[in-house]
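The values are calculated or read from the model by the stated rules, or taken from the named source; none is laboratory data. On a predicted model such as this, the values are computed, not experimentally measured, just so you know. Cβ sites come from the backbone with ideal geometry, for glycine too, and all protein chains shown count toward neighbours.
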Amino acid sequence: MPVSLCSPGHTQTSQNRPGHISGTHTSTEPGSVQNLTIPSQSRGSASQSSVTMPKVLVPGQEKTDDNMRAFAEKVFASETKDENMRDEISMFDVAEDCPIIHTELAHHLHTDDDVEKRKRLQRSRTIALPSAGSKAFAVPVAPVEVDTPTYLEVPDFQRVAVLGDYAAGVTMDDFELSCKGLYRALTIREKYMRLGYERFPRTASQYLRDIEGETFKVEDQLQPVFTSPPKDGEDPFDTKSLPENLGYVARMKDGLIYVYNDAAAADKQQPKDLPHPDYNTFIDDMNFLIALIAQGPTKTYTHRRLKFLMSKFNVHEMLNEMEEMKELKMNPHRDFYNCRKVDTHIHAAACMNQKHLLRFIKKSYRIDADRVVHNLKGKEVTMKELFQSLNLHPYDLTVDSLDVHAGRQTFQRFDKFNAKYNPVGASELRDLYLKTENHISGEYFATIIKEVANDLEEARYQYAEPRLSIYGCNPNEWTKLSSWFVKHRVFSPNLKWMIQVPRIYDIFRGRNFVPHFGKMLENIFLPVFQATIDPQSNPDLSIFLKHVTGFDSVDDESKHSGHMFSTKSPKPEEWDIAKNPSYTYYIYYMYANIAVLNQLRRQRGMNTFMFRPHCGEAGAITHLLAAFMTADNISHGLNLKKSPVLQYLYFLAQIPIAMSPLSNNSLFLEYAKNPLLEFHQKGLVVSLSTDDPMQFHYTKEPLMEEYAIAAQVFKLSTCDMCEISRNSVLQSALSHEEKVHFLGSDYLKEGPEGNDIRKTNVAQIRMAYRYETLCYELNLIKEGLKDCSSGLSLRWSSVPVPNPQPFGLPRSRDAAGWTFPVCVGAFAGLGRTTADLRDVLSLAGRVQQERRHGGVSARGDALRKLLIRGAPLVITPG
């Protein structure tokens, strides 16, 4: 497979649109190679010219100069330490009467199937279309001026072009099999992202619609809704604008919150039209993905693509690093220090550094030594008495005696790490300074957080997304937390709040705090539903929820539950044993309730929530698989390096990953082995975060400390650091208005068109490279599906089915009944008609009704197997 470099020289007229990369596809005989045309001027450049790469094979090239060949063979032979063996090991001289050659040649020449596949393998195009919607490039590019702002122009840069067989290294059958699996995996993620009002990249959607023969529509893209920052003079705690009570009733059943019009409808089990993910469909999708990540051909293919992506970035950096730096130097005012950056993963209880906490403890003692601050064994005690009971005096404390910093002793010891949240090992001091619920109503904790927020506001360009805990052991937790938030006015425009749910049901059940897992879910989600239905009934909680942007799932992932999430798993109300459910069990029920909640809040015009769990720091690879289906973005993701299929899917779907190398260095993985650099080079969307500054950092600006160490260890360039900063803003829950201000008005567009270098300081060359590389990989899948021997013809139809909700997805109703948009490619490939598909979906409706009435016939299992067999049958929201 020849590799060529495209540079601004050697130009000729191109038929392509500016800024696009394409291959010219013509019929060729096996062995021939086509010309590859790549524009050297990107959109908005002063002149529009293109680079035509020479053919890889030229007449007479196979007749290599004898002297040069002899010299090369001599060099090769010298490596064997025995030059006399040269003739025996020569790579070039093979006897013409070799029987193996004749046998293989005859086999290939007389096998029609192989000949046809050889023709397909010789397409030799550079599959790097910049837009899935680009059907053809019929209009010649003329060197004329265009009305493009100069900051959107992409300077000339050298591109890496790969000519020849784009499926080299794998057989055509394996290539097609891999493309089918990857395509279906992307449609699965897109389905669940749409259902939960979470994000799915526009470019991937364009290619999926192109594969399905549909037209991509920008308005079909869903985005979460976040509360805009208050305007000047506006009170963020104002309750006058709270909506009226809808009068709905919310109840939990089988681990999911259902919303009813009234109590009578609830008694009749007639919920409102708020779709949720179907349990059995989710299990089927998960099983397909489990099989996919273990599939040999797909593992081989994705492993090779990932190696290619890393190599391609290294070559790009070698060729264009100076041009990228030139762009940044010509960008006025903006540099790394005044680029917005967000700490996308930080816990509120450890958001300060150890020196900050020590200083605050000493200050509070000087001011409040005689204040009653704690209840010790039923007796109210002052701060002075509390420290005396601990045999301590704040004056003698140091950061070493405070002992909150993680080190070598916490490596692979999550239990010891959790103990670091107790200053000087005393849980009393943790309750006093790091809790929202204590004798002084969390006043000290609120003060510390406001001091951290003031530091961020003074820095101006840094933001954070701290996590506060809801445990689910008590239904009043939300009310107490929101009262703390409002009472102490813990608001800052530089803080975006998230709720973390620790996976510690086993502890609560062991202490008899909850009777079963369903009660824990009810305590977590029912108060939020009730505040959404009737905001005025709990104004503090309603105000607090306006500033909450998402949910997180946290705890030690290395703890193995021994339970496999499947159709045989007990329902949450039936899980009454003192054993923790599996990670996937937690993830499914959290996602399902958040998805229904988001639909209700969106109907009310309220902000929605993202699901952003800790995932992939340790534990099984299935954690990352569950997050691929349900999470908008994840924290950590270290275990992606263990699964090339999942890693490649995270790249294709551009799933953001908040990485914390300093945290990992103290807990699970040495810094030098952290895959942050590798993920960044391959094109995964990574951001840097601090996790717990109290345990891992030393300075007043822990996020800058994280960037500084990463830049030194991994030798990151300024463009790399600014790109990671931009990723953090995109990944974050900053509102649309804030992102427009920080990234530019077109930030939702992908590629250089969505990058405003004046605000992000990310070179347009880098953005063009990332965009073209992503399009190249997505188009490989498109071409693989086009070449499938089954002749898939994907088309979309609206099919009426009798059951209102067979798959728990949005639908519309007309005179014909309930209608779902469905992809009928699988049935077209099997020679079936849309009428056949209508019959199958009608059967699906009846099967679902049977399930709801407590029984499933044999046809139900047969249908389920049919739906997950071979070519994908995709049912997506309309």
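Of all residues in the stretch 279-294, those being closer than 28 Å to Ile257 by Cα and over 19 Å from the mean Cα position of the chain (by Cα) number 7.
Going residue by residue through the stretch 555-562, is there one that turns out to be in the same structural domain as Ser635 (by TED's automatic domain parsing) and within 23 Å of Ser228 (Cα to Cα)? No, the stretch 555-562 contains no residue that is in the same structural domain as Ser635 (by TED's automatic domain parsing) and within 23 Å of Ser228 (Cα to Cα).
For the stretch 223-266, filtering for residues that are buried (at least 17 other Cβ atoms within 10 Å of the Cβ) and in a strand (DSSP E or B) leaves 9.
Regarding Leu186, is this residue among the aliphatic types (A, V, I, L, M), at pLDDT 95 or above and within 25 Å of the chain's Cα centre (by Cα)? So Leu186 fits the description; yes.
Hey, among Val554, Val501, which residue is in contact (Cβ under 8 Å) with a residue 12 or more places away in the chain, within 26 Å of Arg604 (Cα to Cα) and aliphatic (A, V, I, L, M)?
Answer to the selection: Val501.
Only one of the numbered conditions (1) more than 20 Å from the chain's Cα centre (by Cα); (2) part of a loop (DSSP other than H, G, I, E, B); (3) not polar (S, T, N, Q) is not met by Lys362, and that is (2). Does the stretch 577-586 include one or more residues that are crowded, with 23+ Cβ neighbours inside 10 Å, closer than 20 Å to Thr344 by Cα and not β-branched (Val, Ile, Thr)? Among the residues of the stretch 577-586, not one is crowded, with 23+ Cβ neighbours inside 10 Å, closer than 20 Å to Thr344 by Cα and not β-branched (Val, Ile, Thr), which makes the answer no.
Rundown of residues vs (1) modelled with pLDDT of 95 or more; (2) surrounded by 24 or more Cβ atoms within 10 Å (Cβ to Cβ), yes/no style:
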residue: Gly619; (1), (2): no, no
residue: Met629; (1), (2): yes, no
residue: Ile634; (1), (2): yes, yes
residue: Ser643; (1), (2): yes, no
residue: Ala658; (1), (2): yes, yes
residue: Phe679; (1), (2): yes, no
residue: Leu684; (1), (2): yes, yes
residue: Leu703; (1), (2): yes, yes
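Does Ile507 satisfy being within 25 Å of Glu617 (Cα to Cα) and at pLDDT 95 or above? In short, no. When you look at Trp484, is it under 29 Å from Ile587 (Cα atoms), touching a Leu at 6+ places or on another chain (Cβ under 7 Å) and either in contact (Cβ under 8 Å) with a residue 12 or more places away in the chain or in a helix (DSSP H, G or I) (or both), yes or no? No; evaluated as a whole, the condition is false for this residue. What's the total number of residues in the stretch 441-450 that are aliphatic (A, V, I, L, M) and either buried (at least 19 other Cβ atoms within 10 Å of the Cβ) or not assigned by TED's automatic domain parsing to the domain that holds His347 (or both)? Counting residues in the stretch 441-450 that are aliphatic (A, V, I, L, M) and either buried (at least 19 other Cβ atoms within 10 Å of the Cβ) or not assigned by TED's automatic domain parsing to the domain that holds His347 (or both) gives 2. Candidates are the residues of the stretch 337-356 that are in a helix (DSSP H, G or I) and buried (at least 21 other Cβ atoms within 10 Å of the Cβ); the one that is nearest to the chain's Cα centre (by Cα) is Ala348.
Residue count for the stretch 252-277 satisfying the condition of being touching a helix residue (DSSP H, G or I) at 6+ places or on another chain (Cβ under 7 Å), in contact (Cβ under 8 Å) with a residue 24 or more places away in the chain and on the phi < 0 side of the Ramachandran plot: 8. With respect to His405, determine if the residue is outside the structural domain of Asn761 (by TED's automatic domain parsing), at pLDDT 90 or above and over 30 Å from Ile524 (Cβ atoms). Considered against the rule, which asks whether it is outside the structural domain of Asn761 (by TED's automatic domain parsing), at pLDDT 90 or above and over 30 Å from Ile524 (Cβ atoms), His405 comes out as no. Do we find a residue being of a type in the set (Gly, Ala, Ser), out of contact with any strand residue (DSSP E or B) (no Cβ under 8 Å at 6 or more places or on another chain) and surrounded by fewer than 23 Cβ atoms within 10 Å (Cβ to Cβ) anywhere in the stretch 506-529? The answer is yes, given that some residue of the stretch 506-529 is of a type in the set (Gly, Ala, Ser), out of contact with any strand residue (DSSP E or B) (no Cβ under 8 Å at 6 or more places or on another chain) and surrounded by fewer than 23 Cβ atoms within 10 Å (Cβ to Cβ). Residue count for the stretch 535-576, restricted to those that are buried (at least 16 other Cβ atoms within 10 Å of the Cβ), among the aliphatic types (A, V, I, L, M) and either assigned to a loop (DSSP other than H, G, I, E, B) or in contact with a strand residue (DSSP E or B) (Cβ under 9 Å, 6 or more places away or on another chain) (or both): 2. Scanning the stretch 282-297 for residues being touching a Gly at 6+ places or on another chain (Cβ under 8 Å) and modelled with pLDDT under 95 gives a total of 1. Within the stretch 385-406, one or more residues are touching a strand residue (DSSP E or B) at 6+ places or on another chain (Cβ under 7 Å) and either over 25 Å from Ile470 (Cα atoms) or among the basic types (Lys, Arg) (or both). Selection over the stretch 369-410 of residues that are surrounded by fewer than 16 Cβ atoms within 10 Å (Cβ to Cβ) and touching a Ser or Thr at 6+ places or on another chain (Cβ under 9 Å) gives a count of 7. Reported count of residues in the stretch 593-611, each being surrounded by fewer than 20 Cβ atoms within 10 Å (Cβ to Cβ) and within 20 Å of the chain's Cα centre (by Cα), is 0. Residues that are out of contact with any Asp or Glu (no Cβ under 6 Å at 6 or more places or on another chain) and closer than 30 Å to Gly296 by Cβ number at least 2 in the following helices (runs of 4 or more DSSP H) confined to the stretch 645-738: 676-682. Where helices (runs of 4 or more DSSP H) sit wholly within the stretch 374-440, those with at least 2 residues that are out of contact with any helix residue (DSSP H, G or I) (no Cβ under 8 Å at 6 or more places or on another chain) occupy 383-389, 414-419, 427-433. Answer yes or no: is there a residue in the stretch 726-736 that is over 23 Å from Met659 (Cα atoms) and in contact with a Ser or Thr (Cβ under 9 Å, 6 or more places away or on another chain). The answer is yes; a qualifying residue exists. Considering only residues in the stretch 749-776 that are under 19 Å from the mean Cα position of the chain (by Cα) and basic (Lys, Arg), the one that is modelled with the highest pLDDT turns out to be Arg770.
Just to be sure before I move on: is Gly169 on the phi > 0 side of the Ramachandran plot and free of Cβ contacts under 8 Å to residues at least 40 places away in the same chain in the structure I sent? So Gly169 fails the test.
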